[in-house]
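No value in this document is a laboratory result; all are computed from the given coordinates. All values reported here derive from a predicted model rather than from experimental measurement. Quick reminder, even Gly has a Cβ in these numbers, built from the backbone with ideal geometry, and neighbours come from all protein chains shown.
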Amino acid sequence: MTKIIDLRSDTVTQPTAGMRAAMAAAPLGDDVFGDDPTVNALQERLAALLGFEAALFMPTGTQSNLCAILAHCGRGDEYIVGQLAHTYRYEGGGAAVLGSVQPQPLVQDAGGQMALADIAAAIKPDDCHFARTRLLCLENTWNGHSMPDSYLQQASALAREKGLAVHLDGARLFNAAIASRQNGESGLASAKRIASHFDSVSVCFSKGMGAPVGSVLCGSKELIARAHRIRKMAGGGMRQVGLLAAAANYALDHHVERLADDHALAQRLAQGLQGIAGLTVRSAQTNIVFVDVADGRGPDLLAHLKAHGVLATGLIGLRFVTHLDVDAAGIDHALACIRAFFAQPANTAIAPAARGAAVY
Ligand SMILES: *Cc1c(COP(=O)(O)O)cnc(C)c1O
């Protein structure tokens, strides 16, 4: 039997049998008419869980963040954002292209934080030379890091003091929530505590939560009404989309607390990598492990792993992501392959396994 250990991203998860059954059984309606009971239930449920008045189901996290930024900012306004943040770097410049909203990117430290002094200095005075600074965007988790509550609190307090709104790109909010639970609180309670610092929060269900598609934007009734109009303009008004909202609802029931298993697997991987000469674990938090590979051997390692049924990516160093469809045996297989690779001298080509061969 060939089983691919796909550690490229937590977006690769397949809906479970239980999730598919929930999708198949979901009552549906035309959501552009507001008639889909499953969508309405998800929106009301997540808004209440995270402490907001309203929520809106979105096809993607990118559209969700776009609608949030355009609902907070008008033409000629600007948002402050980390220069490596998804809402600046990885969303096609959508806020600028589609909303004439200018980003003000700032340097982040290794934990993804922009210095409070930098944020304060970037907020423009009310002067006709400047764009109007309207919004601060944060991201949590950032590169797998769960942001300290104290930072979220201080950054949002600073922004609000200056009249800015604060948006959270919480694509992996529930991973952050599980990693920063306080005094035995539930994952959902922890998520609500994180969300309490923000005026709007976008959450992805298509990553560690295991749904095939979907994100949700939460905020005030007024903000969500504006976002609703922008979503329609962006082509995100969908019809019997309760089929997908049912997967997200199912994930809220079954896939929040279990994110701790993914985090434990990431630690298993990171611990197994300790002491292998030729690589260094740069960061291993929540469900993401970043590894630096010496001597430019990263691409060869990726090819070696691929030949043995293990997939990873090499965007910034190498990245391994654990999720619903990986187990301890898969992680141990990946570790064995990595050890075998570094047991070979750097200049020895390792014959790739024949394509399609049974590997694991
Ligand atoms: C995945 C992700 C998004 C949204 O991505 P989509 O592929 O559009 O759903 C936004 N922000 C972060 C940090 C992400 O990881």
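Does Tyr79 satisfy the criteria of being closer than 20 Å to Ser200 by Cα, within 14 Å of the ligand (Cβ to nearest atom) and in contact with a Ser or Thr (Cβ under 9 Å, 6 or more places away or on another chain)?
Against the criterion (closer than 20 Å to Ser200 by Cα, within 14 Å of the ligand (Cβ to nearest atom) and in contact with a Ser or Thr (Cβ under 9 Å, 6 or more places away or on another chain)), Tyr79 does not qualify.
Can you name the condition, by its number, that Ala41 falls short on among (1) buried (at least 21 other Cβ atoms within 10 Å of the Cβ); (2) away from the ligand (no atom under 13 Å from the Cβ); (3) among the aliphatic types (A, V, I, L, M)?
Answer for Ala41: the failing condition is (1).
Filter the range 165-178 for residues that are within 11 Å of the ligand (Cβ to nearest atom) and assigned to a strand (DSSP E or B); which is farthest from the chain's Cα centre (by Cα)?
Within the range 165-178, the match that is farthest from the chain's Cα centre (by Cα) is Leu168.
Name, by its number, the condition in (1) small (Gly, Ala, Ser); (2) in a loop (DSSP other than H, G, I, E, B); (3) closer than 30 Å to Gly235 by Cα; (4) more than 16 Å from the ligand (Cβ to nearest atom) that does not hold for Ala96.
All conditions are met except number (2).
For the range 47-70, how many residues are in a helix (DSSP H, G or I) and away from the ligand (no atom under 16 Å from the Cβ)?
4
Please return the ranges of strands (runs of 3 or more DSSP E) entirely within the range 179-292 where 1 or more residues are more than 15 Å from the ligand (Cβ to nearest atom).
By residue number, 215-219, 279-285.
Taking the criterion of being surrounded by fewer than 24 Cβ atoms within 10 Å (Cβ to Cβ), in contact (Cβ under 8 Å) with a residue 60 or more places away in the chain and closer than 19 Å to Ala120 by Cβ, would at least one residue in the range 186-200 satisfy it?
Yes; the residues of the range 186-200 include at least one that is surrounded by fewer than 24 Cβ atoms within 10 Å (Cβ to Cβ), in contact (Cβ under 8 Å) with a residue 60 or more places away in the chain and closer than 19 Å to Ala120 by Cβ.
List the pairs whose first member sits in the range 56-68 and is under 16 Å from Ser220 (Cβ atoms), whose second member is outside any helix (DSSP H, G or I) and within 8 Å of the ligand (Cβ to nearest atom), and whose Cβ atoms are under 9 Å apart, counting only residues at least 6 apart or on separate chains?
That search, which allows pairs on different chains as well, returns Ser64/Asp169; Ser64/Ala171; Ser64/Ser202; Ser64/Cys204; Ser64/Ser215; Cys67/Ser202; Ala68/Asp169; Ala68/Ser202.
Can you tell me which residue in the range 126-153 is farthest from Ser64 (Cα to Cα), limited to those that are part of a loop (DSSP other than H, G, I, E, B) and in contact with a Ser or Thr (Cβ under 9 Å, 6 or more places away or on another chain)?
Pro148
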